[in-house]
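What follows is one structure encoded as structure tokens, with my remarks underneath.
The values are calculated or read from the model by the stated rules, or taken from the named source; none is laboratory data. Not measured: the values here are computed from a predicted model. Because the Cβ atoms are built from the backbone with ideal geometry, glycine has one as well, and the counts that use them run over all protein chains shown.
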Amino acid sequence: MPAAAKPVFSLEFFPPRTPEAVVRLRAARNEFAKLKPAFCSVTFGAGGSTREGTLATVLEFRDEGFEGVPHLSCIGGSCASIAEVLAKYKSHGIRHVVALRGDLPSGSVDTGDFRYASELVAFIRKETGDHFHIDVAAYPEYHPQARSAQDDLDAFKRKIDAGADSAITQYFYNADAYWHFVDACHAAGIGVPIVPGIMPISSFVKLARFSDACGAEIPRWIRKRFEGYGDDVASIRAFGLDVVTELCDGLLVRGAPGLHFYTLNQASLTTTIWQRLGL
Ligand SMILES: Cc1cc2nc3c(=O)[nH]c(=O)nc-3n(C[C@H](O)[C@H](O)[C@H](O)COP(=O)(O)OP(=O)(O)OC[C@H]3O[C@@H](n4cnc5c(N)ncnc54)[C@H](O)[C@@H]3O)c2cc1C
């Protein structure tokens, strides 16, 4: 049997929007440098709204010795505008992207030249061959717009068949959902690494609001415990750290191919979990 690949531990950021946020991200980056992540990815606003910020942030990470990986979302974009972004990434020597559909801002109707991320993956391969390692999104609890679990699995397979190399999941707190999804992927002939996306918990109220919109479920027992803490910030933080560390530990013990942390540009929770896991 071939030896299992070494797990990949990575971090995700968004482009800072104010000069103060730029300074805060720089400080966080100093903390993250100690962790030596495999790569740091930077989100891309749908419709290209953060296009320059994404690249600038990736390049700043690179200047500090990290591997910077830009996301690229296609909704609202044209073939020409996406080709331009790819050419720019390539000209900076970038070789890894996270390819996404993105979400249209409410009210807008013009989807542009791409309807789904699978079309973006196919386009990247057509334009740039094997230049990029392409990551795509996966949804263990299924994407909120999917008509059925099977439809969503089929959609995920289309992205892999179009040329994606690996996937990062939406965050989840129920490890069974992840393993069921991985089993279903294997049964469907999908063999790429599916790396769990991990969301540390800083504010339960914000997390609950966000989770409803993006199709991630917070199990009832976790919700109830958080609700019981009210405004007790220290208990929320301590319980959130325990829940997420335990989740990560269990995933790694069972053989997950790595972990991708949604840092929200903050160092404290992710570094604490990382250190507790001994990564
Ligand atoms: C790891 C990760 C990183 C992310 N980074 C960003 C980012 O940087 N910028 C950003 O804007 N958003 C980002 N998102 C959010 C993402 O853009 C949204 O979740 C979006 O709603 C779906 O994007 P997707 O790439 O998964 O789309 P797709 O894979 O295209 O799927 C979208 C929906 O369409 C359905 N579908 C797909 N193909 C078909 C088909 N042929 N026929 C019918 N239905 C189909 C799917 O089942 C699903 O319901 C990220 C999400 C994750 C998990």
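Taking the range 133-156 only, how many residues are of a type in the set (Gly, Ala, Ser) and surrounded by 18 or more Cβ atoms within 10 Å (Cβ to Cβ)?
First, pick out the residues of the range 133-156 that are of a type in the set (Gly, Ala, Ser): 137-138, 146, 148-149, 155.
Keeping just the survivors that are surrounded by 18 or more Cβ atoms within 10 Å (Cβ to Cβ) gives 137-138, 155.
Counting residues in the range 133-156 that are of a type in the set (Gly, Ala, Ser) and surrounded by 18 or more Cβ atoms within 10 Å (Cβ to Cβ) gives 3.
Sort out which residues of the range 242-256 are over 18 Å from the mean Cα position of the chain (by Cα) and touching a residue at least 40 places away in the same chain (Cβ under 8 Å), and write them in order of number.
VAL243, GLY250, ARG254, GLY255, listed by residue number.
Within the range 67-99, take every residue that is touching a strand residue (DSSP E or B) at 6+ places or on another chain (Cβ under 8 Å) and hydroxyl-bearing (Ser, Thr, Tyr) and give me the one that is surrounded by the most Cβ atoms within 10 Å (Cβ to Cβ).
Per the stated criteria, the residue is SER73.
If I filter the range 96-110 down to residues being more than 14 Å from the chain's Cα centre (by Cα) and of a type in the set (A, V, I, L, M), which single residue comes out as nearest to the ligand (Cβ to nearest atom)?
Among those residues, the one meeting the criterion is LEU104.
Per-residue answers, yes or no, for (1) within 24 Å of TYR89 (Cβ to Cβ); (2) crowded, with 18+ Cβ neighbours inside 10 Å; (3) near the ligand (Cβ under 10 Å from one of its atoms); (4) not polar (S, T, N, Q):
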position	(1), (2), (3), (4)
PHE123	yes, yes, no, yes
ARG158	yes, no, yes, yes
PHE172	no, yes, no, yes
ASP183	no, no, no, yes
ILE201	no, yes, no, yes
PHE204	no, yes, no, yes
CYS214	no, no, yes, yes
PRO219	no, no, no, yes
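Right, ASP113: among the charged types (D, E, K, R) and within 9 Å of the ligand (Cβ to nearest atom) or not?
On the way: among the charged types (D, E, K, R): yes; within 9 Å of the ligand (Cβ to nearest atom): no.
It is false that ASP113 is among the charged types (D, E, K, R) and within 9 Å of the ligand (Cβ to nearest atom).
State which residue is nearest to the ligand (Cβ to nearest atom) when the search covers only the range 125-156 and only residues that are among the aliphatic types (A, V, I, L, M) and touching an Asp or Glu at 6+ places or on another chain (Cβ under 6 Å).
Ranking the qualifying residues of the range 125-156, first place goes to ALA146.
When you check ALA162 against the structure, is it at pLDDT 95 or above, more than 12 Å from the chain's Cα centre (by Cα), farther than 21 Å from PRO144 by Cβ and among the hydrophobic types (A, V, I, L, M, F, W, C), yes or no? Before the answer, list the steps.
Values: at pLDDT 95 or above: yes; more than 12 Å from the chain's Cα centre (by Cα): yes; farther than 21 Å from PRO144 by Cβ: yes; among the hydrophobic types (A, V, I, L, M, F, W, C): yes.
Answer is yes for this residue.
Would you call LEU259 touching a Cys at 6+ places or on another chain (Cβ under 6 Å), touching a residue at least 12 places away in the same chain (Cβ under 8 Å) and crowded, with 19+ Cβ neighbours inside 10 Å?
Criteria met by LEU259.
Determine which member of the set PHE32, PHE61, PHE9, PHE66 is part of a loop (DSSP other than H, G, I, E, B) and aromatic (Phe, Trp, Tyr).
Checking each option against the conditions leaves just PHE66.
Quick check: is even one residue across the range 191-199 touching a Leu at 6+ places or on another chain (Cβ under 9 Å), buried (at least 17 other Cβ atoms within 10 Å of the Cβ) and within 19 Å of LEU72 (Cα to Cα)?
Yes: the range 191-199 contains one or more residues that are touching a Leu at 6+ places or on another chain (Cβ under 9 Å), buried (at least 17 other Cβ atoms within 10 Å of the Cβ) and within 19 Å of LEU72 (Cα to Cα).
Within the range 38-62, track down each residue that is at pLDDT below 95, away from the ligand (no atom under 13 Å from the Cβ) and basic (Lys, Arg).
Result: no residue meets the conditions.
Of the residues PHE239, PHE204, PHE261, which single one is modelled with pLDDT under 95, of a type in the set (A, V, I, L, M, F, W, C) and in contact with a helix residue (DSSP H, G or I) (Cβ under 7 Å, 6 or more places away or on another chain)? Spell out the reasoning first.
Working: PHE239 fails: modelled with pLDDT under 95; PHE261 fails: modelled with pLDDT under 95.
Among PHE239, PHE204, PHE261, only PHE204 is modelled with pLDDT under 95, of a type in the set (A, V, I, L, M, F, W, C) and in contact with a helix residue (DSSP H, G or I) (Cβ under 7 Å, 6 or more places away or on another chain).
Restricting the first residue to the range 199-218 and requiring it to be at positive phi, which pairs with a second residue that is at pLDDT 90 or above meet a Cβ separation below 8 Å and a spacing of at least six or different chains?
Hits for this filter: GLY215/TYR139; GLY215/GLU141; GLY215/TYR142; GLY215/HIS143; GLY215/PRO144; GLY215/GLN170.
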